[in-house]
Amino acid sequence: MPKVTGAQVLAEMLAGYGVTHVFMVPAVLRRTFAEMERRTTIQRIHTHGEKAAAYMADGYARAAGRPGICMAQVVGALNLAAGLRDAWLAHSPVIAFTGGRDPKSKFRAVYQEVDDVPSFEPVTKWNATVDAVERFPDMVRQAFRVAVSGAPGPVHLQFRGNEGQIDLDEAEMEARWEAQFACVPPFRPAPDGESVAKALALLQLAERPVIVAGGGVRASQAATALVALAEMLQIPVATSLNGKDTIPAAHPLSVGVVGTYSRESANRVVAAADLVCFVGTEAGGMTTHFWAVPKAGIAAIQIDIAPEALGRNYPLKVAVQGDARVTLERMAAQADATAAAAKRKPWLAAVKAMGDEYAAKYRDVLESDAVPIRPERICRELSRHAPEDAIVVVDTGHAGMWMGGMFDVKGPRQAYLRSAGHLGWAFPAGLGAKCAMPDRPVVTFTGDAGLWYHIAEIETAVRWGINAVTVVNNNASGNQSKRGFDRAYGGTQTDKARELWTFNPMNFARLAEDMGALGLRVEKPAQFAPALERALAAKRPAVIDVATDIEALAPLAVS
Ligand SMILES: Cc1ncc(C[n+]2csc(CCOP(=O)(O)OP(=O)(O)O)c2C)c(N)n1
């Protein structure tokens with residue numbers, strides 16, 4: 001076997017796995033970048049910060065269902081680790097490469113060096129070092145295997161040398177990859193027949209069942225199977241935030257997002273159910289409003305690919321271990337549709353009434369012509385005008401609350417990706433999503449506090465022609481914090497207290513224009529739809545700066 005460099009092998013393997021973009025701040029694996037240029041068409045997206053690079057890789061991974069790659073040299077490693085937190089919480093297959101310690105010089109106060117490896121431990125499924133160049137092939141293959149298998153998640157490989165200079169070394173080795181592990185899911189384990197039969201029997205018997213679908217359904221591309229089973233058994237479907245795009249909002253069985261950042265009627269439906277079937281969701285705090293919806297003691301079924309997730313948060317009547325799509329398809333194949341449909345009528349009427357009450361209660365704000373603009377109206381405009389094949393990317397905090405509860409996913413071709421809790425995630429994640437899916441429109445929704453975090457990446461988007469559209473709910477504040485500071489100040493804040501959550505007014509459209517993007521300022525609701533249309537048609541990145549009402553607070557969850 002001929003001797004080749006680590007750089008050559010790594011570049012060829014990444015291309016072999018179908019990687020189209022890597023996101024990084026130099027200097028790391030420099031020779032690998034040179035080999036990428038020679039041997040592959042991989043784009044090397046050079047960002048303004050490692051955290052943004054990790055978020056871009058995360059958005060890429062979630063949009064494509066394939067690993068997203070980010071990189072940092074040793075001094076930027078913890079910035080990158082910080083950026084893996086959201087991927088970890090959302091089960092997103094991000095692979096992080098960093099430069100790291102050399103056995104020849106460690107413990108000698110080498111410039112910029114600390115032991116970074118432990119910091120990756122809490123946010124990765126696998127955290128390993130590549131100390132000898134002949135290990136490149138097997139370590140990279142294992143990184144892909146772990147990232148996409150079971151419940152997907154981040155992986156970290158630290159390459160020897162503060163800039164990963166080990167990639168210059170040579171060995172007799174071969175660039176080999178496994179196509180199966182290039183995307184999620186690599187396998188579709190089938191459930192055992194007995195658990196399927198038991199789950200079906202309970203679902204068919206129940207008077208008021210509900211399905212709660214999570215990110216595992218989207219990871220398994222099981223949305224069609226989910227909707228088919230729900231229709232067959234006439235069971236309403238609520239989703240977690242990660243599962244929001246698994247059923248279109250207009251579907252008669254869709255009740256919306258349940259939990260903390262939720263739709264009031266979805267919480268009421270799940271709370272009124274007599275049987276909850278969790279599919280591809282951990283039934284974690286956010287999805288259950290900290291285990292208040294449904295209440296402890298509810299009869300529950302759980303379907304998940306990860307056996308250790310089954311029963312973790314609610315004691316189960318039946319645990320079903322398997323791939324979501326295969327499991328839902330098997331259930332549909334064995335279901336008795338006629339018996340179930342007939343007995344559901346009163347429950348479905350009650351579910352519809354709860355949905356109608358929600359729609360009536362929020363109609364005025366969703367359609368509000370108020371100036372400054374109400375965020376609810378932005379959600380309504382996006383529901384109407386975001387293209388059918390758009391990837392909608394949403395930040396956390398109020399952005400997650402407004403959009404989680406009030407944005408309507410149009411149809412099965414629309415995707416919805418959300419920050420799993422980190423403010424500032426959405427803007428760079430939207431850029432990563434656009435890199436993964438350049439032919440699909442990407443529409444990101446963020447608050448102004450969220451955009452400030454990584455605003456420099458507007459320049460990155462312009463430089464690389466990443467033509468995502470970013471909508472900024474600009475109230476010159478992080479006003480989700482308002483309620484908390486009201487409480488902290490015993491009911492009424494002092495004027496000084498507002499220093500803790502407000503910013504100077506800013507025109508982000510102008511800033512975007514200065515950086516070379518299209519900037520559009522929206523001050524009246526009627527201007528929004530034409531601005532979105534212009535932004536989507538622009539052949540450059542676009543920022544729509546919407547001047548919104550600082551007094552608008554998102555509705556709190558009901559339980
Ligand atoms: C990394 C991180 N730090 C802090 C927070 C807490 N946090 C949640 S929402 C929020 C303010 C959000 O402001 P903005 O994005 O402008 O939206 P608005 O609330 O004004 O609608 C903060 C500070 C967080 N979620 N993530």
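The values are calculated or read from the model by the stated rules, or taken from the named source; none is laboratory data. The structure displayed is predicted, hence computed values, not measured ones. Cβ atoms come from the backbone with ideal geometry, glycine included; neighbour counts cover every protein chain shown. These accessible areas exclude ligands, DNA and RNA; they are computed on the full protein's heavy atoms, side chains included. Shrake-Rupley method; radii C 1.70, N 1.55, O 1.52, S 1.80 Å.
Just a few scattered comments:
- Residue in segment 411-418 that is touching a Ser or Thr at 6+ places or on another chain (Cβ under 8 Å) and within 16 Å of the ligand (Cβ to nearest atom) present: yes
- Counted residues, segment 355-380 - those being of a type in the set (A, V, I, L, M, F, W, C), within 19 Å of GLY256 (Cβ to Cβ) and more than 28 Å from the chain's Cα centre (by Cα): 1
- Counted residues, segment 435-452 - those being in contact with a Lys or Arg (Cβ under 8 Å, 6 or more places away or on another chain) and assigned to a helix (DSSP H, G or I): 1
- Hits in segment 342-358 - residues which are touching a helix residue (DSSP H, G or I) at 6+ places or on another chain (Cβ under 8 Å) and surrounded by fewer than 16 Cβ atoms within 10 Å (Cβ to Cβ): ALA350, GLU357
- Single residue of segment 380-395 satisfying the filter (part of a strand (DSSP E or B) and within 16 Å of the ligand (Cβ to nearest atom)) that is surrounded by the fewest Cβ atoms within 10 Å (Cβ to Cβ): VAL394
- Residues (surrounded by 17 or more Cβ atoms within 10 Å (Cβ to Cβ) and under 26 Å from the mean Cα position of the chain (by Cα)) located in segment 521-546: PHE528, ALA531, LEU532, ALA535, LEU536, PRO541, ALA542, VAL543, ILE544, ASP545, VAL546
- Among the residues of segment 421-437, those that are of a type in the set (A, V, I, L, M), surrounded by 23 or more Cβ atoms within 10 Å (Cβ to Cβ) and within 16 Å of the ligand (Cβ to nearest atom) comprise ALA426, ALA429.
Okay, residues lined up against (1) in contact with a Pro (Cβ under 7 Å, 6 or more places away or on another chain); (2) small (Gly, Ala, Ser); (3) under 30 Å from PRO441 (Cα atoms):
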| residue | (1), (2), (3) |
| --- | --- |
| TRP464 | no, no, yes |
| SER481 | no, yes, no |
| GLU499 | no, no, no |
| ALA509 | no, yes, yes |
| ASP514 | no, no, yes |
| ALA529 | no, yes, yes |
| GLU533 | no, no, yes |
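- Selection count, segment 125-147, where residues are in contact (Cβ under 8 Å) with a residue 40 or more places away in the chain and either open to solvent by 10 Å² or more (accessible area, probe 1.4 Å) or touching an Asp or Glu at 6+ places or on another chain (Cβ under 9 Å) (or both): 6
- Scanning segment 303-338 for residues that are in a loop (DSSP other than H, G, I, E, B) and farther than 16 Å from VAL217 by Cα yields GLY311, ARG312, ASN313, TYR314, PRO315, LEU316, LYS317, ALA335, ASP336.
- Applying the criterion of at least 3 residues that are small (Gly, Ala, Ser) and over 22 Å from the mean Cα position of the chain (by Cα) to the helices (runs of 4 or more DSSP H) found wholly in segment 1-115 leaves 6-16.
- When segment 251-290 is filtered for residues that are surrounded by fewer than 24 Cβ atoms within 10 Å (Cβ to Cβ), over 22 Å from the mean Cα position of the chain (by Cα) and not in a helix (DSSP H, G or I), the ones remaining, listed by number, are HIS251, PRO252, LEU253, ASP274, LEU275.
- Inspection of segment 445-456 finds no residue satisfying the criterion of being open to solvent by less than 30 Å² (accessible area, probe 1.4 Å) and away from the ligand (no atom under 15 Å from the Cβ).
- Within segment 241-259, residues that are under 17 Å from LEU556 (Cα atoms) and modelled with pLDDT of 95 or more sit with their Cβ atoms under 9 Å from residues that are assigned to a loop (DSSP other than H, G, I, E, B) and aromatic (Phe, Trp, Tyr), at 6+ positions apart or across chains, in these pairs: LEU241/TYR261; GLY259/PHE290.
Residue by residue, here is whether (1) touching a residue at least 60 places away in the same chain (Cβ under 8 Å); (2) in contact with a strand residue (DSSP E or B) (Cβ under 8 Å, 6 or more places away or on another chain); (3) not β-branched (Val, Ile, Thr) holds:
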site: LYS361; (1), (2), (3): yes, no, yes
site: GLU367; (1), (2), (3): no, no, yes
site: PRO375; (1), (2), (3): yes, yes, yes
site: ARG380; (1), (2), (3): no, no, yes
site: GLU388; (1), (2), (3): no, no, yes
site: GLY400; (1), (2), (3): yes, yes, yes
site: GLY405; (1), (2), (3): yes, yes, yes
site: TYR416; (1), (2), (3): yes, yes, yes
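- GLY355 vs. criteria closer than 25 Å to ALA557 by Cα and more than 16 Å from the ligand (Cβ to nearest atom): yes
- Selection within segment 150-179 - under 26 Å from LEU78 (Cβ atoms) and under 23 Å from the mean Cα position of the chain (by Cα): ALA151, PRO152, GLY153, PRO154, VAL155, HIS156, LEU157
- Filter pass, ALA461 being over 21 Å from PRO375 (Cβ atoms), away from the ligand (no atom under 11 Å from the Cβ), in contact with a Phe, Trp or Tyr (Cβ under 6 Å, 6 or more places away or on another chain) and not in a strand (DSSP E or B): no
- Single condition ARG440 does not satisfy, out of (1) within 16 Å of the ligand (Cβ to nearest atom); (2) open to solvent by 10 Å² or more (accessible area, probe 1.4 Å); (3) under 19 Å from ARG418 (Cβ atoms): (1)
Quick grid of which residues meet (1) within 16 Å of the ligand (Cβ to nearest atom); (2) farther than 14 Å from PHE427 by Cβ; (3) open to solvent by less than 10 Å² (accessible area, probe 1.4 Å):
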site	(1), (2), (3)
GLY478	yes, yes, no
ASP486	yes, yes, no
THR494	no, yes, no
LEU511	yes, no, no
ILE550	yes, yes, no
VAL558	no, yes, no
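- With respect to (1) of a type in the set (A, V, I, L, M); (2) closer than 30 Å to SER265 by Cβ; (3) part of a loop (DSSP other than H, G, I, E, B), the lone exception for ALA529 is condition (3).
- Total residues in segment 103-130, condition more than 14 Å from LEU78 (Cα to Cα) and touching a helix residue (DSSP H, G or I) at 6+ places or on another chain (Cβ under 8 Å): 5
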